[in-house]
Amino acid sequence: TMRWLIIEALNKQHSIMDRDDRKRNKNIGKNFMCRLQCLFSHSSSSESRLSLEDTQQWSQSLERLLDSKYGLATFCNFLKSEYSDENIEFWLTCEDYKKIKSSFRMSSRAKKIYEQFIKAESPKEINIDYHTREQIKRNVKTPSMHCFDDAQKIVYGLMERDSYPRFLRSDIYRTLLENLAADATKG
């Protein structure tokens with residue numbers, strides 16, 4: 001799915017980035033802007049092309065941003081550039097997890113999600129309270145479609161209050177808006 005492609009792209013980009021090289025980090029954002037512009041301007045149909053109006057609507061809510069495939073990709077890149085992409089990665093993983101029909105697959109996937117995001121000291125540990133972490137630990141033993149819902153709500157709230165406002169003020173978002181506005185005035 002589109003979400004898994006985004007997660008894979010983020011993981012590849014993350015392995016390339018050097019935590020101590022902030023200037024290089026900024027250039028990666030600029031390079032991403034070039035890739036976005038090429039993707040948007042060369043799209044075959046006008047419906048799949050990103051418009052200034054669509055991009056401006058991202059500022060209405062985090063939900064509106066995440067509902068847009070281009071908005072999601074741009075937001076993921078922004079979070080990756082700040083080394084804070086574990087929240088969106090967890091949220092997307094939970095969205096995909098909820099679509100699993102097989103109880104065997106659900107059980108297997110729940111354990112992987114727990115090991116990767118929930119367990120203390122896990123590789124991509126998300127910031128949730130002890131009570132929620134312990135509840136999920138119990139839920140994973142007999143997983144259901146909703147065993148990560150509380151953590152997902154916490155993470156969504158963190159993104160909405162913290163990452164999302166920073167994204168709206170970011171060079172990535174502002175440059176994209178400026179470039180789309182310039183293209184719109186050119187006709």
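What about Met106, is it among the aliphatic types (A, V, I, L, M), farther than 22 Å from Glu82 by Cα and either out of contact with any helix residue (DSSP H, G or I) (no Cβ under 8 Å at 6 or more places or on another chain) or not in a helix (DSSP H, G or I) (or both)? Talk me through it step by step, then tell me what you get.
Numbers: among the aliphatic types (A, V, I, L, M): yes; farther than 22 Å from Glu82 by Cα: yes; either out of contact with any helix residue (DSSP H, G or I) (no Cβ under 8 Å at 6 or more places or on another chain) or not in a helix (DSSP H, G or I) (or both): no.
It is false that Met106 is among the aliphatic types (A, V, I, L, M), farther than 22 Å from Glu82 by Cα and either out of contact with any helix residue (DSSP H, G or I) (no Cβ under 8 Å at 6 or more places or on another chain) or not in a helix (DSSP H, G or I) (or both).
Take segment 80-100 and flag every residue that is at pLDDT 95 or above and either aliphatic (A, V, I, L, M) or surrounded by fewer than 16 Cβ atoms within 10 Å (Cβ to Cβ) (or both).
Selection gives Ile88, Leu92, Glu95, Asp96, Lys98, Lys99, Ile100.
Kindly establish whether Gln116 is open to solvent by 50 Å² or more (accessible area, probe 1.4 Å), in contact with a Cys (Cβ under 9 Å, 6 or more places away or on another chain) and polar (S, T, N, Q). Quick ask: steps written out before the conclusion?
Details: open to solvent by 50 Å² or more (accessible area, probe 1.4 Å): yes; in contact with a Cys (Cβ under 9 Å, 6 or more places away or on another chain): no; polar (S, T, N, Q): yes.
Judged against the criteria, Gln116 is not a match.
Which pairs do you get when a residue that is closer than 11 Å to Phe148 by Cβ, found in segment 123-134, comes within reach of a residue that is open to solvent by 70 Å² or more (accessible area, probe 1.4 Å) and modelled with pLDDT under 95, reach meaning Cβ atoms under 7 angstrom, with the pair 6+ apart or on two chains?
If the second residue must be open to solvent by 70 Å² or more (accessible area, probe 1.4 Å) and modelled with pLDDT under 95, no pairs are left.
Yes or no: Thr55 β-branched (Val, Ile, Thr) and under 22 Å from Glu178 (Cα atoms)?
Yes, satisfied.
Quick check on segment 145-159. Is at least one of its residues polar (S, T, N, Q) and over 28 Å from Thr74 (Cα atoms)?
Scanning segment 145-159, I find no residue that is polar (S, T, N, Q) and over 28 Å from Thr74 (Cα atoms), so the answer is no.
Say we look at segment 167-187 and pick out the residues that are β-branched (Val, Ile, Thr) and in contact (Cβ under 8 Å) with a residue 40 or more places away in the chain; which of these is least open to solvent (accessible area, probe 1.4 Å)?
By that ranking, first place goes to Ile172.
What is the one condition in (1) farther than 25 Å from Gln116 by Cα; (2) modelled with pLDDT under 60; (3) surrounded by 14 or more Cβ atoms within 10 Å (Cβ to Cβ); (4) basic (Lys, Arg) that Arg3 does not satisfy?
With (1) farther than 25 Å from Gln116 by Cα; (2) modelled with pLDDT under 60; (3) surrounded by 14 or more Cβ atoms within 10 Å (Cβ to Cβ); (4) basic (Lys, Arg) applied to Arg3, the lone miss is (1).
The values are calculated or read from the model by the stated rules, or taken from the named source; none is laboratory data. Model, not experiment: these values are computed from the prediction. All Cβ positions, even for glycine, are placed from backbone atoms using ideal geometry, and neighbour counts span all protein chains on display. Keep in mind that these areas ignore ligands, DNA and RNA; they rest on the heavy atoms of the full protein, side chains included. Shrake-Rupley method; radii C 1.70, N 1.55, O 1.52, S 1.80 Å.
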